[in-house]
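The values are calculated or read from the model by the stated rules, or taken from the named source; none is laboratory data. What you see is a predicted model, and the numbers here were worked out from it, not measured in a lab. With ideal geometry, Cβ positions are generated from the backbone for all residues, glycine too; neighbour counts draw on all protein chains shown. Quick note on the areas: whole protein, heavy atoms, side chains included, nothing else; ligands and nucleic acids left out. Shrake-Rupley method; radii C 1.70, N 1.55, O 1.52, S 1.80 Å.
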Amino acid sequence: MEARELAVEGALEIVPPLFPDRRGAFCPLYEEGGFAELPGTPRFRVVRSGLSVNHAGVVRGVHYSRGLSGTAKVVLCAAGEVLDLVVDVRAGSPTFGRWEAVRLSAARPRAVYCPPGVGHAFVSLTEGTTVVYLMSTPYRPGDELAVSVLDPVLGLPVPRRPEPVMSEQDRAAPPLTEALERGLLPRYGTCSGNSSPGVREKEEST
């Protein structure tokens with residue numbers, strides 16, 4: 001398993017090995033032992049998973065968790081193609097406000113690791129795009145927040161034409177500076193990869 005460090009401190013693009021044969025191919029996307037050996041990553045325990053299926057032009061994010069330890073995510077594209085966006089929304093981070101875009105495609109499986117507290121978004125580039133999430137904490141509605149994916153100061157490469165298909169919650173999310181001023185962002189010093197499972201609550205779409 002190979003990894004490339006991204007512009008956001010602690011974030012990685014992960015390229016697992018691919019084993020093709022006459023039936024198709026097999027790709028081991030996650031293994032706890034191998035993951036712990038990647039550069040800079042804490043031990044990552046999968047506590048929950050999620051799947052979203054998207055029309056072309058759908059934009060989700062920028063979502064983040066501001067819980068005590070934050071939520072780490074491994075994100076991969078199981079069908080279609082997305083422009084995946086990792087955004088540093090951790091107040092006090094050395095890379096605060098930076099972002100990087102990674103194109104994820106089912107044609108060559110790879111994944112993005114978002115460390116605890118880091119924001120995540122994506123643009124669906126094809127019809128029926130399917131995105132899979134592996135996450136390190138249980139779902140806690142009060143900790144799940146967003147900053148605007150259309151924030152002009154961030155300047156994320158989100159197409160404006162045709163108009164992106166977004167949830168009302170994402171469209172109403174504040175820009176990064178406002179979220180910082182309102183104390184809505186996770187603190188870099190308190191985010192960690194250590195988490196423990198809790199009672200599973202009713203989940204909303206990631």
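What to note about this one:
- Residue check, Leu68 of a type outside the set (Phe, Trp, Tyr) and crowded, with 17+ Cβ neighbours inside 10 Å: no
- Boolean, Ala101 is within 14 Å of the chain's Cα centre (by Cα) and surrounded by 15 or more Cβ atoms within 10 Å (Cβ to Cβ): yes
- Selection status of Phe96, open to solvent by 40 Å² or more (accessible area, probe 1.4 Å) and within 20 Å of Pro175 (Cβ to Cβ): yes
- So Val74, is it in contact with a Cys (Cβ under 9 Å, 6 or more places away or on another chain), under 15 Å from Ala11 (Cα atoms) and assigned to a strand (DSSP E or B): yes
- Any hit, segment 23-42, residues being part of a strand (DSSP E or B) and at positive phi: yes
- Annotation note: of Leu145, Leu150, the sole residue that is within 12 Å of Val62 (Cβ to Cβ), open to solvent by 20 Å² or more (accessible area, probe 1.4 Å) and free of Cβ contacts under 8 Å to residues at least 24 places away in the same chain is Leu150.
- Which listed residue is in a loop (DSSP other than H, G, I, E, B), modelled with pLDDT of 95 or more and crowded, with 23+ Cβ neighbours inside 10 Å, from Val82, Val89: Val89
- Among the residues of segment 43-71, the ones that are in a strand (DSSP E or B) and either of a type outside the set (D, E, K, R) or modelled with pLDDT of 95 or more (or both) come to 14 in all.
- Positions within segment 118-151 being at pLDDT below 95, assigned to a loop (DSSP other than H, G, I, E, B) and either under 21 Å from Ala101 (Cβ atoms) or in contact with a Gly (Cβ under 8 Å, 6 or more places away or on another chain) (or both), in sequence order: Ser136, Thr137, Pro138, Arg140
- Residues being more than 16 Å from Val59 (Cα to Cα), charged (D, E, K, R) and assigned to a helix (DSSP H, G or I) - total across segment 170-189: 2
- Condition met for Gly50 (touching a residue at least 60 places away in the same chain (Cβ under 8 Å), within 25 Å of Trp99 (Cβ to Cβ) and touching a strand residue (DSSP E or B) at 6+ places or on another chain (Cβ under 9 Å)): yes
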